[in-house]
1. Can you compute the equivalent ellipsoid semi-axes for the protein assembly as shown, i.e. the square root of 5 times each eigenvalue of the Cα gyration tensor, sorted largest first and rounded to whole Å?
2. Efficiency by 1/(1 + (r/R0)^6): what FRET value for residue B:72 and residue A:210, r their Cβ-Cβ distance, R0 = 60 Å, to the nearest 0.05?
3. What's the percent breakdown of Cα-Cα distances in the range B:45-117 across 5 Å bins, shortest bin first?
4. Could you tell me the extents of the range B:76-193's C-alpha atoms along the three principal axes, largest first, rounded to whole Å?
5. What's the average, rounded to a whole number, of partner chain beta-carbon atoms within 10 Å of each residue's beta-carbon in B:36-46?
6. In the P(r) worked out for the range A:23-228, what percent of Cα pairs fall beyond 25 Å?
7. Any number yet on Rg/Rh for chain B, C-alpha, Kirkwood?
8. Over 18 Å apart: what share of the alpha carbon pairs of the range A:166-229 falls there, rounded to a whole percent?
C-alpha cells in the first residue's frame, strides 16, 4: 500500500451509548473512482484527498462499532470484460486496510442496473449473519454526466437527480432513494443507484443521516454520507 | 504478410506510412475547426501532400461527445470533399473516418480507398461496403463502447489480449464478407475504451499486434495518454507523440495517423534508416 495516513486509524473503541447487537446499525457511502486505487496511481495522486476523507470517516465510524461486521456493498458492470472484481469492492477493501480494520468483512455486489430480484438477493446477502451488528460500507457515485468534460458528457438532467439523491442521503429518506427511476439513473451513468437501493432497504428510516462531503472535480458527483440506526 | 495494398499502391511489410488527419469538423479537439471551411481543408490536403503524407484520413464527426451529427450532415461534410481530393490527387490514398455504412458507400462512390472504422464495428454493415467497392478497412479496438463516448472505468484482465481478439476477429469477418485480405489494417486505438495505463501497455506490446501479420495502424497524435504521461495540455504533446511514434515504428507498425506530417515523416524515415530499411539521404561524412 503506497498511501498511509497519519492520524487515521483504529485508536480503540469509542462507545456512543448502547450498541445495537444485531442487524444493520450504520452505513457509510464513499466515493469510488478507480483513480484512488494504488494500481492506477501515477506520479501524482489526484484522489488522495478523497481517499483520505473517506478513510477518516470510516475510521471514526468503526471506532464506534468495533465489534461489528463490515459488509462492502458495491455495484458492478454486467458482463464485465475482466475478473478483477468490482472497483467498489476494491475501494472498500482499500479503505478498510488503510484504517487497519482487523474485523470481519464480507462483500456483496450487484449489477449497476440490478433488477428487483437482484436487489432483493443483495439485501438478503447483507442480512446473511443476522446475529451480528453490521456496518455497511458503500462505495457508490452519482451521475458521471455533470459537465461537458465529464466522462459521460453533459446531461442537463443530471444536476436535479443528483440533488435529489444528496437530499435523500442528508435526510435519511430511504423512500426517495427507492423512488429513483432506474432507467433515468442508467442514462445518467449514476453508477451508485443499485448499491443505494440496498442501503435504502437495509437501513430504512435511519435515526441519523448526514452528508459529510460531496464534490464533482471530474464531472462525476462523489458523496461521503453516513447513516446510523 | 509480405505486402499490403491501399488504393493503387502496394507496400512492403516494413513500410512506414503517414496518414494525415483532415478534419471536416468545426470542433475536433486538436485543430478546433481550422479546416472546417472547404478552402482551408483543401489547403490542408495540399500541405500534407507536400510534407510527404501517403494517405489522407478525412473525418466529418469529432470523436468526443457533442452535438449529434446525423448521416446526412456527415455526408454533406465529407462526400464532395472526397470527390475533390480524388480529382486533384489521383495517386493519393484517401481514407474516410466513419462508422456508418451509408456514409462509407457514398464516399467510396466518390473514390475513397480505405474506410477507417474508428468505432470498432459499430455498424456491422461497413465491411460489406468495403467489400462491395474493393476498398480497404481499418479494424479498431474500442472495448465495445458506443461511438462518441468516453471511456469510463474500463478494465481488462489483459488489454492487449482484448485488442487482439477484437481486431483479428473483425479482420477475419471482413475477409469472410469479401474484403481483400491484403487491404485490411488493425488499430489498437489508443485512448478509445482505454485509460492511459491501457494505451501505454498497448504501445509497449505493439509487437504482439504486428506479430499477427495484419498491417498495424496507430493513432497516437496528441492524445490524452501522451498528455497524461507528460502532464501536457493539447498543443504541447508533439514531442511525446513523436517518441511514441518512434517506439511504435521500431516495433513494426505500418501506418501513422497524425496531425503533424513533416515531423512524423522525419521520425519514420530515421527509424527506417536505423532499421536498415532505407538508405540515408546522403553520406559524405568521413568519406571525402
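1. Equivalent ellipsoid of the protein assembly as shown: 51, 24, 19 Å, largest first.
2. 0.70
3. Reading the bins upward from 0: 3, 18, 29, 23, 15, 8, 3.
4. Between the extreme Cα coordinates on each principal axis of the range B:76-193 lie 47, 28, 22 Å.
5. Neighbouring Cβ atoms belonging to other protein chains average 0 per residue here.
6. Here the long-distance tail beyond 25 Å is 30 percent of all Cα pairs in the range A:23-228.
7. Across chain B, the Cα-based Rg/Rh ratio is 0.95.
8. For the range A:166-229, the fraction of Cα-Cα distances above 18 Å is 34 percent.
Laboratory data are not the source of any read-out in this text; all were calculated from the coordinates shown. On a predicted model such as this, the values are computed, not experimentally measured, just so you know. Here Cβ is always computed from backbone atoms with ideal geometry, including for glycine, and neighbour counts include all displayed protein chains.
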